[in-house]
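The values are calculated or read from the model by the stated rules, or taken from the named source; none is laboratory data. These figures come from a predicted structure and were not determined experimentally. So basically every Cβ, Gly included, is an ideal-geometry build from the backbone, and we count neighbours across all protein chains shown.
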Amino acid sequence: MSSTWFLFVVVAVVVLVALLVTGLLVARRRRISLDARREVEEKPKGGSYAASGGIALAPGGTAAPVEEAPVEHPVEDRPETDGQPAVGDDAAVPRDSPQRTVRDVKLPEAPPEAPVVEEIDPATGRMERLRGRLSKSRSVFGTSLLGLLGAGDLDEDSWQDVEDTLLMADLGAATTNQIVERLRDELSRRAVRSSAEAREVLHEVLTAQLSTDGHRAVRALPHTVDGKKQPAVVLVAGVNGTGKTTTTGKLARVLVAQGGTVLLGAADTFRAAAADQLQTWAERVGAEVVRGKEGADPAAVAFDAVKRGVDTGVDAVLVDTAGRLHTKTGLMDELGKVKRVVEKQAKVDEVLLVLDATTGQNGLMQARVFAEVIDVTGIVLTKLDGTAKGGIVFQVQKELGVPVKLVGLGEGPDDLAPFEPGAFVDALLG
Ligand SMILES: Nc1nc2c(ncn2[C@@H]2O[C@H](COP(=O)(O)OP(=O)(O)OP(=O)(O)O)[C@@H](O)[C@H]2O)c(=O)[nH]1
């Protein structure tokens with residue numbers, strides 16, 4: 001009985017141990033599987049993150065990001081020098097696909113720049129076309145005179161007003177006296193009653209005052225010497241700033257407009273810009289310019305210009321001279337030398353003296369000095385558009401005994417008119 005009881009106890013202990021061991025094994029396996037799942041969840045920490053969208057992320061910190069091999073873009077495919085795309089590159093085009101850029105597109109070769117020769121306003125009838133430019137002189141001179149004379153019988157006070165008006169318009173005392181006398185005679189002789197008749201008389205008297213024995217034609221056409229064509233040589237003189245260079249350029253245009261060929265000599269070497277200015281004028285009419293260095297001897301430049309003109313067979317050589325008026329002797333030396341030296345090549349046909357009408361009596365004084373220095377053959381009165389003293393035309397012509405040949409009526413390239421007394425007086429009287 002006791003052995004049976006012992007056997008029973010042994011079996012019970014074995015079963016208990018077996019159960020205990022099995023329980024422990026099951027519990028351990030459960031713990032391992034939990035740990036494994038945590039490992040999977042923690043894996044991305046600190047490592048590369050591969051999201052399902054395909055965006056590559058790199059770890060931050062100090063570790064250098066993995067360098068990707070740079071994509072090679074041919075530099076010539078990109079406007080910037082490192083071959084990388086720049087702002088404005090087409091986002092839809094793959095970076096490394098060949099692209100045509102501005103550099104690849106060959107522009108057509110520009111044809112050599114031909115000088116643009118301008119259309120020139122015909123010289124004839126310019127005084128009529130530019131008559132409005134004399135409006136300042138007209139209001140002081142023409143309107144006042146016509147108002148006085150058209151009023152009928154004039155008393156002494158009225159005649160005094162006529163005289164003052166003429167003096168104010170810069171006609172000078174001698175010319176004014178002659179005009180007043182002629183007007184008195186004619187108005188009473190013809191028994192003028194209407195303002196239209198008064199205008200007619202005034203027109204006649206003023207035009208007669210402007211008449212001269214000298215020819216008004218500018219001698220700028222070629223002639224023949226010993227059977228050979230010789231260009232006309234024109235010297236343009238005057239004090240600086242009167243409009244010499246401008247007048248030379250305008251005159252060149254007139255000659256070209258009339259079918260002539262012209263060469264310009266920039267002998268005003270005193271001011272470098274004057275030669276540049278003349279060059280511009282020449283280019284505008286397709287003419288050649290001969291110029292020297294700044295400060296070069298004006299006579300040498302004038303000589304070269306005339307020689308070149310003779311050699312190339314142009315119709316006229318226009319020489320723009322310097323006109324410093326520091327001392328009469330200096331001017332005499334310079335201008336005299338220019339003329340002498342030029343005449344080794346060809347005769348000087350015309351010496352045009354340019355006077356600024358706005359300077360009034362001062363201009364007249366300059367004219368006297370120039371006339372002593374050089375044989376002036378014609379006068380150009382410039383800036384008549386900017387003065388109420390158009391009467392200077394009468395005075396200067398009388399003083400010098402030289403005809404006014406041209407008048408400047410503006411800064412425009414064609415604002416130079418041949419001087420015609422009838423048309424001029426017409427414009428003054430309105
Ligand atoms: N309103 C007006 N201006 C003129 C006329 N003629 C010339 N001028 C102006 O006068 C100024 C002087 O003209 P220039 O031709 O340079 O004078 P210049 O005598 O050659 O002077 P330098 O070159 O210094 O010797 C310029 O601004 C011209 O445009 C004219 O008839 N009317």
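Within the stretch 391-430, count every residue that is small (Gly, Ala, Ser), within 13 Å of the ligand (Cβ to nearest atom) and part of a loop (DSSP other than H, G, I, E, B). So that I can check it myself, show each step before the final result.
So the first thing to find is which residues in the stretch 391-430 are small (Gly, Ala, Ser), and the list is 391, 401, 408, 410, 412, 417, 422-423, 427, 430.
Now drop any that are not within 13 Å of the ligand (Cβ to nearest atom), which leaves 408, 410, 412, 417.
Still in the running and part of a loop (DSSP other than H, G, I, E, B): 410, 412.
Residues in the stretch 391-430 being small (Gly, Ala, Ser), within 13 Å of the ligand (Cβ to nearest atom) and part of a loop (DSSP other than H, G, I, E, B): 2 in total.
Please state which one of 388, 367 is touching a residue at least 12 places away in the same chain (Cβ under 8 Å) and in a helix (DSSP H, G or I). Walk me through how you get there before you give the answer.
Values: 388 fails: in a helix (DSSP H, G or I).
Among 388, 367, only 367 is touching a residue at least 12 places away in the same chain (Cβ under 8 Å) and in a helix (DSSP H, G or I).
Say whether the condition of being crowded, with 17+ Cβ neighbours inside 10 Å, part of a helix (DSSP H, G or I), in the same structural domain as residue 365 (by TED's automatic domain parsing) and in contact with a helix residue (DSSP H, G or I) (Cβ under 9 Å, 6 or more places away or on another chain) is met by at least one residue in the stretch 316-323. Before the answer, list the steps.
The first filter runs over the stretch 316-323 and keeps only residues crowded, with 17+ Cβ neighbours inside 10 Å, leaving 316-323.
Imposing the further condition that a residue be part of a helix (DSSP H, G or I) reduces the set to none.
The answer is no, given that none of the residues of the stretch 316-323 is crowded, with 17+ Cβ neighbours inside 10 Å, part of a helix (DSSP H, G or I), in the same structural domain as residue 365 (by TED's automatic domain parsing) and in contact with a helix residue (DSSP H, G or I) (Cβ under 9 Å, 6 or more places away or on another chain).
Run down 381, 352 and say which single residue is assigned to a strand (DSSP E or B), without any contact (Cβ under 8 Å) to a residue 60 or more places away in the chain and in contact with a helix residue (DSSP H, G or I) (Cβ under 8 Å, 6 or more places away or on another chain).
Being assigned to a strand (DSSP E or B), without any contact (Cβ under 8 Å) to a residue 60 or more places away in the chain and in contact with a helix residue (DSSP H, G or I) (Cβ under 8 Å, 6 or more places away or on another chain) holds for just one of 381, 352, which is 381.
Which one is nearest to the ligand (Cβ to nearest atom), of the residues in the stretch 218-236 that are among the aliphatic types (A, V, I, L, M) and surrounded by 24 or more Cβ atoms within 10 Å (Cβ to Cβ)?
Here is the first cut: in the stretch 218-236, the residues among the aliphatic types (A, V, I, L, M) are 218, 220-221, 225, 232-236.
Within this subset, residues satisfying the condition of being surrounded by 24 or more Cβ atoms within 10 Å (Cβ to Cβ) are 232-236.
On the way: 232: 21, 233: 19, 234: 15, 235: 13, 236: 8 Å.
Among those residues, the one meeting the criterion is 236.
Report those helices (runs of 4 or more DSSP H) wholly inside the stretch 140-193 carrying at least 1 residues which are among the basic types (Lys, Arg) and within 50 Å of the chain's Cα centre (by Cα). Full working, then the answer.
Values: elements: 144-149, 156-168, 173-189.
The qualifying helices (runs of 4 or more DSSP H) are 173-189.
Evaluate the following for residue 313: is it away from the ligand (no atom under 15 Å from the Cβ), in contact with a Pro (Cβ under 6 Å, 6 or more places away or on another chain) and in contact (Cβ under 8 Å) with a residue 40 or more places away in the chain?
Criteria not met by residue 313.
For residue 388, work out the one condition from (1) surrounded by 21 or more Cβ atoms within 10 Å (Cβ to Cβ); (2) within 16 Å of the ligand (Cβ to nearest atom); (3) closer than 22 Å to residue 179 by Cβ; (4) among the small types (Gly, Ala, Ser) it doesn't fulfil.
(1)
Pairs under 7 Å by beta carbon, first residue closer than 17 Å to residue 206 by Cβ in the stretch 153-165, partner small (Gly, Ala, Ser), six or more apart or different chains?
So the pair list comes out as 165/144.
With respect to residue 295, is the statement that it is within 16 Å of the ligand (Cβ to nearest atom), under 30 Å from the mean Cα position of the chain (by Cα) and on the phi > 0 side of the Ramachandran plot true?
Details: within 16 Å of the ligand (Cβ to nearest atom): yes; under 30 Å from the mean Cα position of the chain (by Cα): yes; on the phi > 0 side of the Ramachandran plot: yes.
In short, yes.
Which helices (runs of 4 or more DSSP H) does the stretch 195-296 wholly contain that include 3 or more residues that are not assigned by TED's automatic domain parsing to the domain that holds residue 322? Explain how you work it out, then say what you get.
Numbers: elements: 195-209, 244-257, 272-285.
Counting at least 3 such residues, we get 195-209.
Considering only residues that are more than 16 Å from the ligand (Cβ to nearest atom) and surrounded by 24 or more Cβ atoms within 10 Å (Cβ to Cβ), look in the stretch 245-292 and name the one that is nearest to the chain's Cα centre (by Cα).
The extreme case among them is 287.
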